[in-house]
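A.B. asks: Sharing a structure here in structure tokens format.
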Amino acid sequence: MTDVPTSTPIITRFAPSPTGLLHVGNVRTALVCWLAARATGGRFLLRLDDTDTERGSAEFAAAIEQDLRWLGLHWDGFARQSDRTDRYRDALDRLKAAGRLYPCYETAEELELKRKSLLARGLPPLYDRAALALTDADRARLEGEGHRPYWRFRMADAPVEWDDRVRGRVHFNGRDISDPVLVREDGRPLYHIGSVVDDIDMGITLVVRGEDHVANTAMHIQLAEALGATPPDYAHLSLIADAEGHGLSKRIGSLSLRSLREEGIEPMAVTSLLAKLGTSDPIEPRLALGDLVAEFDFAKFSRTIPRFDPAELERLNGRILHETPFAAVRDRLAALGLGAIDEAAWSVLRPNLQRLDDTAGWWQVVTGPVTPVVADADLLSAAAGLLPPEPWTDATWGEWTAAVRDRTGVKGKPLFLTLRLALTGLDHGPELRGLLPLIGRDRALARLSGPAA
Ligand code: GLU
């Protein structure tokens, strides 16, 4: 046996629209795309679906790239739809020639009226194709009146089916889907044509996206076929709900990846959770994306709606830090002004961290200043007298407290808590066995004599 993946390499893409910050929902899509590609020795592409965006799109595009890099989801190829308009126009010309693209002139108000009247009659709000009945003369008149056409793809009245990697066999009929608009009145090609042409041109073999795109997929399959291409495979992930079971909105700022990062959440906490959400695997801390790659399998995904619980992310974050080796945080500690922390200090402090920047507080307990709490002055003075000379090791705490116990008769919790309160000013914290050698003899002696007068 070898480590070389045996399944066909998957070529996939993550295709966000740069209209906002990435949030846990689309980060999960990106991660699953990336894992599917890496698990099969395939390729992961980043594509910005920016055909229809103006608002802050350059800023959001940069933020998306930065966020993916922070997670470690590096891409093997990059494209933006706004650079590819010529390709879409070629495809649109071909659809026109094949009689699958037709001009429409209804205003938004007219369409809304039609929609309402269908709904009032209990019918699905499908476009009625009135524009197909227009004659050349009608169109000339409308254009003479200043109307510009927008263009719809004519869905075929035929079954559309696929084997979804998550949802299993999916069935649609083209007649149940409204003819989508592919070109706006101002001539700009829209998302649907861009997405299908790109997936064909880029050799995408698997599209992973949210289940809100299922009906789009039926349309995209007909579009790909109308362009003479074989559609890719599809995997539609269930949308994520919040901890109470409500849908997550794209714009929930508090769940943007950016805000999680600013709150001090580790990238591996995010990926450990999102890789397993909605799967049959337990959610456990993982220190490297490679572990998640090894465990990835579409067969583990279920169609039920998974809940994203920020408290679970918090717990994972702490558990990940407790296992993180010094080499992985050395530079980040230095950037926090904690370059004095060495490997030994890190291993003493990390079991008490929820966030990496908690380290600063615990490091201050080592270096001071701390305000000693004096619970028993006699005991502390006896303990000070028994402090051994340096060098100190892990064994010093045990030896010293045994000597104090033998001298004073105080033992167990009353002894340990009194020493902890004096040495750290706190009633909890890292193990004193590790902490004492970091504090060192001079500081320990000063603290045992109580707060400075
Ligand atoms: N831009 C679309 C979105 O953000 C992409 C969907 C797809 O993957 O095709 O929902």
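A.B. asks: Out of the residues in region 197-211 meeting the condition of being assigned to a helix (DSSP H, G or I) and in contact (Cβ under 8 Å) with a residue 40 or more places away in the chain, tell me which one is farthest from Arg80 (Cα to Cα).
C.D. replies: The residue in question is Glu211.
A.B. asks: I'm trying to understand the selection: among the residues of region 97-113, which are surrounded by 16 or more Cβ atoms within 10 Å (Cβ to Cβ) and either touching a His at 6+ places or on another chain (Cβ under 6 Å) or assigned to a loop (DSSP other than H, G, I, E, B) (or both)?
C.D. replies: Within region 97-113, Arg100, Tyr105, Glu106 meet the criteria.
The rows are residues; the columns are (1) at pLDDT 95 or above; (2) surrounded by 16 or more Cβ atoms within 10 Å (Cβ to Cβ); (3) closer than 11 Å to Ala444 by Cβ.
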residue: Pro372; (1), (2), (3): yes, yes, yes
residue: Ser381; (1), (2), (3): yes, no, no
residue: Pro391; (1), (2), (3): yes, no, no
residue: Trp397; (1), (2), (3): yes, yes, yes
residue: Thr401; (1), (2), (3): yes, yes, no
residue: Val410; (1), (2), (3): yes, yes, no
residue: Pro414; (1), (2), (3): yes, no, no
residue: Leu421; (1), (2), (3): yes, yes, no
residue: Gly425; (1), (2), (3): yes, yes, no
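A.B. asks: Continuing with the same structure: With the condition being acidic (Asp, Glu), I'd like the helices (runs of 4 or more DSSP H) fully within region 305-390 carrying at least 3 qualifying residues.
C.D. replies: By residue number, 310-323.
A.B. asks: Give the residue, chosen from Arg139, Arg129, Arg169, Arg154, that is more than 25 Å from the chain's Cα centre (by Cα), charged (D, E, K, R) and either on the phi > 0 side of the Ramachandran plot or within 13 Å of the ligand (Cβ to nearest atom) (or both).
C.D. replies: Matching residue, one of Arg139, Arg129, Arg169, Arg154: Arg129.
A.B. asks: Please name all residue pairs, on different chains or six or more residues apart, with Cβ atoms under 7 Å, provided the first residue is in region 212-237 and is within 19 Å of Ile305 (Cβ to Cβ) and free of Cβ contacts under 8 Å to residues at least 60 places away in the same chain and the second residue is among the hydrophobic types (A, V, I, L, M, F, W, C) and within 12 Å of the ligand (Cβ to nearest atom).
C.D. replies: Listed pairs, sorted by first residue: Asp212/Leu239.
A.B. asks: Can you give me the number of residues within region 40-75 that are modelled with pLDDT of 95 or more, touching a helix residue (DSSP H, G or I) at 6+ places or on another chain (Cβ under 8 Å) and over 30 Å from Gly264 (Cβ atoms)?
C.D. replies: Qualifying residue count for the region: 3.
A.B. asks: Let me ask something else. Take the residues of region 26-57 that are among the small types (Gly, Ala, Ser) and surrounded by fewer than 23 Cβ atoms within 10 Å (Cβ to Cβ): which is farthest from the ligand (Cβ to nearest atom)?
C.D. replies: My answer is Gly41.
A.B. asks: Quick one: is Phe60 within 16 Å of the ligand (Cβ to nearest atom), surrounded by fewer than 19 Cβ atoms within 10 Å (Cβ to Cβ) and under 25 Å from Ile193 (Cα atoms)?
C.D. replies: For Phe60, the condition - within 16 Å of the ligand (Cβ to nearest atom), surrounded by fewer than 19 Cβ atoms within 10 Å (Cβ to Cβ) and under 25 Å from Ile193 (Cα atoms) - is not met.
Table: residues versus (1) within 30 Å of Ile11 (Cα to Cα); (2) part of a helix (DSSP H, G or I); (3) in contact with a strand residue (DSSP E or B) (Cβ under 9 Å, 6 or more places away or on another chain).
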residue: Gln66; (1), (2), (3): yes, yes, no
residue: Arg69; (1), (2), (3): yes, yes, no
residue: Asp90; (1), (2), (3): yes, yes, no
residue: Leu95; (1), (2), (3): yes, yes, yes
residue: Arg115; (1), (2), (3): no, yes, no
residue: Pro124; (1), (2), (3): no, no, no
residue: Ala131; (1), (2), (3): no, yes, yes
residue: Val160; (1), (2), (3): yes, no, yes
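The values are calculated or read from the model by the stated rules, or taken from the named source; none is laboratory data. These numbers were taken from a predicted model, which means no experiment stands behind them. Glycine gets a Cβ as well: all are built from the backbone with ideal geometry, and neighbour counts include every protein chain shown.
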